[in-house]
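As structure tokens, the structure follows; a few thoughts come after it.
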């Protein structure tokens, strides 16, 4: 049940159907399958065989797709590496995975005989995705062929993906969203991917319009930027669904996107350790503001160590990772003997079993003994018409332990003061929750997917008032 069969099967059934759009080029399924086959042959000629690790460091491109599925076709385990990683980070991951080959350029064609697809079991490793390392050294999550397929199938069914869809491939293919949903879900449905090497709002919007993109996969900051870009565009793409995750989707951001593009915004929740999307809404399903929907497929969910219904979100199901690469201790800490995965996220389930995420456990702010969940404060700030982006964090305080601080990017031309924003927020959240410190910046630090990186915010500078 090698994942490489997905492209090969569609190539056999609908050879001329578009699989990829890239910078004016259309790559059919039969052409993509040919490139994958040749990539597999080139890797085999380098001695790559079943179970060997192949590190892959390329931007989103047809070359990446060919190398990714080519390595799988050869029976290898892919180790995706984001091109933005620093050399020491690349070396660390390559060494940890004991990679046999590093692919950082397009593989040559005609590298050997046209070998068939190497058989791999559902429970065998397909990909090692390294986590961001926010709480220590990055760990290599081992995603299996069966786990990725299960997660991808769940997403395809929830979004009603079909051959007529064009999915935006702007989320990095080295990230679980871009990989499992952006590529595998799309190919399972026989749809096409509009490949974007790097998200830049104006250029990405032009690509979406030219390729008639119907599905957006992204994060809230992408929605914000696309809405800004759309205000100067003469034509817009026929978006029917924007599946947004990676961070809480403020209600005002979702409303603005739906007004601008006409498509439905579905907030979802996924993670590397579940091989993709864990919960979301099905197309047409009644949405509950603030909820990330219900579990998909055979995914089970429970709230662990709950206090007044709120506790750590735990998941179990066919798409949970096999563990962390050569790290039994980390595996035991994350996955218990009954298969429950501890996510580190805090949330609750309502009476209809919809999941509401309160925040990350590590992002919780304890101010004078009161728990402050940044997401609630951020929602209040995003409701202000002058706020474009914001992140709420805790800063050290001698008297209270932690104090609430907000970093804000104002909309172009806005002149709202910190005092005005503080008063606005104070009217909308509990007295212990509103930010006592508000700092304006031009940009917020973001990761490869566009997700705001709170860990990169300088807390000491916030304390000092700079």
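The values are calculated or read from the model by the stated rules, or taken from the named source; none is laboratory data. Just so it is clear, the model here is predicted, and its values are computed rather than measured. When we count neighbours, we look across all protein chains shown, and the Cβ atoms used for this are built from the backbone with ideal geometry, even at glycine.
Condition first: at pLDDT 95 or above, under 23 Å from residue 129 (Cα atoms) and not in a helix (DSSP H, G or I). Can you find one or more residues in the stretch 26-44 that meet it?
Looking through the stretch 26-44, none of the residues is at pLDDT 95 or above, under 23 Å from residue 129 (Cα atoms) and not in a helix (DSSP H, G or I).
Out of curiosity, is residue 104 within 27 Å of residue 150 (Cα to Cα) and touching a residue at least 40 places away in the same chain (Cβ under 8 Å)?
no
Identify all residues within the stretch 295-313 that are surrounded by fewer than 19 Cβ atoms within 10 Å (Cβ to Cβ), within 16 Å of residue 276 (Cα to Cα) and modelled with pLDDT of 95 or more; write none if there are none.
Residue satisfying the conditions is 300 alone.
Can you give me the number of residues within the stretch 217-245 that are surrounded by fewer than 23 Cβ atoms within 10 Å (Cβ to Cβ), touching a helix residue (DSSP H, G or I) at 6+ places or on another chain (Cβ under 7 Å), modelled with pLDDT under 95 and not in a helix (DSSP H, G or I)?
Here the count works out to 1.
Look at residue 279 and say whether it is on the phi < 0 side of the Ramachandran plot and over 18 Å from the mean Cα position of the chain (by Cα).
no
Does residue 119 satisfy the condition of being assigned by TED's automatic domain parsing to the domain that holds residue 320, without any contact (Cβ under 8 Å) to a residue 60 or more places away in the chain and surrounded by fewer than 19 Cβ atoms within 10 Å (Cβ to Cβ)?
So residue 119 fails the test.
Somewhere in the stretch 372-385, is a residue surrounded by fewer than 17 Cβ atoms within 10 Å (Cβ to Cβ), over 23 Å from the mean Cα position of the chain (by Cα), without any contact (Cβ under 8 Å) to a residue 40 or more places away in the chain and assigned to a strand (DSSP E or B)?
No, the stretch 372-385 has no match at all.
Check the stretch 363-371 and report whether any residue there is under 16 Å from residue 291 (Cα atoms) and touching a helix residue (DSSP H, G or I) at 6+ places or on another chain (Cβ under 9 Å).
Within the stretch 363-371, not a single residue is under 16 Å from residue 291 (Cα atoms) and touching a helix residue (DSSP H, G or I) at 6+ places or on another chain (Cβ under 9 Å).
Could you pull out the residue among 333, 312, 329 that is farther than 16 Å from residue 344 by Cα and either more than 19 Å from the chain's Cα centre (by Cα) or assigned to a loop (DSSP other than H, G, I, E, B) (or both)?
329
Looking at 177, 183, which is the one that is part of a helix (DSSP H, G or I), surrounded by 23 or more Cβ atoms within 10 Å (Cβ to Cβ), at pLDDT below 95 and under 17 Å from the mean Cα position of the chain (by Cα)?
When all the criteria are applied, what remains is 177.
Quick one: residue 341 ticks every box in (1) surrounded by 14 or more Cβ atoms within 10 Å (Cβ to Cβ); (2) in the same structural domain as residue 268 (by TED's automatic domain parsing); (3) modelled with pLDDT under 95 except a single one, so which number is it?
All conditions are met except number (3).
If you take the residues in the stretch 45-65 that are part of a loop (DSSP other than H, G, I, E, B) and more than 25 Å from the chain's Cα centre (by Cα), which one is surrounded by the most Cβ atoms within 10 Å (Cβ to Cβ)?
Among those that are part of a loop (DSSP other than H, G, I, E, B) and more than 25 Å from the chain's Cα centre (by Cα), it is 48.
One residue is enough: does the stretch 86-96 have a residue meeting the conditions without any contact (Cβ under 8 Å) to a residue 24 or more places away in the chain, under 24 Å from residue 210 (Cβ atoms) and in a helix (DSSP H, G or I)?
no
Determine, yes or no, whether residue 71 is under 27 Å from the mean Cα position of the chain (by Cα), assigned by TED's automatic domain parsing to the domain that holds residue 188 and not in a helix (DSSP H, G or I).
No; evaluated as a whole, the condition is false for this residue.
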